[in-house]
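Here the structure comes first, spelled out in C-alpha cells, and everything after it is commentary.
The values are calculated or read from the model by the stated rules, or taken from the named source; none is laboratory data. Model, not experiment: these values are computed from the prediction. When we count neighbours, we look across all protein chains shown, and the Cβ atoms used for this are built from the backbone with ideal geometry, even at glycine.
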Amino acid sequence: MDYKNTLGVGCILWFVLLLSTNLAAQPFSYIYIQGDKENPFYVKLHGQMLPRYGKNYCIISELTPGPVEIEILFQQHSFPPEKFTLQVPENGSLGFLLAKQGAQFELYDLQQKKYLKPGKEEESKNGH
C-alpha cells in the first residue's frame, strides 16, 4: 500500500471515529412504530408531518427525554387520526405496533406488553 492510500484510509478512519464519538455523546432517544400492511399511516410530530420512508413503519429519531405528542394519520383518510402522548426515555428507545382494536387504533408497547389507547399518556418507563 502506498502513502496516498494509507493517508486516505487514515483520514476515513479518523472521520468515522470522530463521527461515532460525536453520536455517542448525543443524549437522543428514538421511537419505532410498526403498522400492518393493510393500513398505511403517517406520523405528525409537533404539528409537522414526518417524512415517510415506508408505508408500514416509522422511526422518530433525535428525541429528548420527556412527554411527546404524536398523531397517527391514515392514507386517504381511511380512518380518523389518533393522538398519543408517549414518555420518551433518556438515551433509549420505544417500540410499538399499531393495531386496530374495535373502532380505533391503539399502540401496543413491545417492552411493557400492553396497549396504549389514543389520548392517554403513557406511563413513565424506568430502566428502558
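Going by the structure shown, is GLU90 exposed (fewer than 14 other Cβ atoms within 10 Å of the Cβ) and assigned to a strand (DSSP E or B)? Can you show your working first?
Working: exposed (fewer than 14 other Cβ atoms within 10 Å of the Cβ): yes; assigned to a strand (DSSP E or B): no.
Criteria not met by GLU90.
Looking at the structure I just gave you, is PHE79 out of contact with any helix residue (DSSP H, G or I) (no Cβ under 7 Å at 6 or more places or on another chain), assigned to a loop (DSSP other than H, G, I, E, B), surrounded by 15 or more Cβ atoms within 10 Å (Cβ to Cβ) and modelled with pLDDT of 90 or more? Full working, then the answer.
Numbers: out of contact with any helix residue (DSSP H, G or I) (no Cβ under 7 Å at 6 or more places or on another chain): yes; assigned to a loop (DSSP other than H, G, I, E, B): yes; surrounded by 15 or more Cβ atoms within 10 Å (Cβ to Cβ): yes; modelled with pLDDT of 90 or more: yes.
For PHE79, the condition - out of contact with any helix residue (DSSP H, G or I) (no Cβ under 7 Å at 6 or more places or on another chain), assigned to a loop (DSSP other than H, G, I, E, B), surrounded by 15 or more Cβ atoms within 10 Å (Cβ to Cβ) and modelled with pLDDT of 90 or more - is met.
Please identify the pairs in which a residue from the range 44-61 that is farther than 14 Å from VAL88 by Cα has its Cβ atom under 6 Å from the Cβ atom of a residue that is in a strand (DSSP E or B) and among the β-branched types (Val, Ile, Thr), counting only partners at least 6 apart or on another chain.
LEU50/VAL43; CYS58/ILE33; CYS58/VAL43
Check TYR42 against each of (1) out of contact with any Cys (no Cβ under 9 Å at 6 or more places or on another chain); (2) part of a strand (DSSP E or B); (3) crowded, with 16+ Cβ neighbours inside 10 Å and name the one condition it does not meet.
(1)
Identify, please: which residue in the range 54-96 is more than 12 Å from the chain's Cα centre (by Cα) and of a type in the set (Phe, Trp, Tyr) and is, among those, nearest to LYS117 (Cα to Cα)?
PHE84
Of these, GLU69, GLU62, which one is in a strand (DSSP E or B), in contact with a Ser or Thr (Cβ under 7 Å, 6 or more places away or on another chain), modelled with pLDDT of 90 or more and of a type in the set (Asp, Glu)?
Just one listed residue meets the conditions, GLU69.
Mind listing just one residue for me: the one in the range 19-43 that is over 15 Å from GLY92 (Cα atoms) and under 17 Å from the mean Cα position of the chain (by Cα) and, of those, modelled with the lowest pLDDT?
ASP36
Hey, can you tell me all the residues within the range 97-119 that are among the small types (Gly, Ala, Ser) and closer than 14 Å to PRO81 by Cβ?
Start the filter on the range 97-119 by keeping residues that are among the small types (Gly, Ala, Ser), which leaves 99, 102-103, 119.
The answer is ALA103, GLY119.
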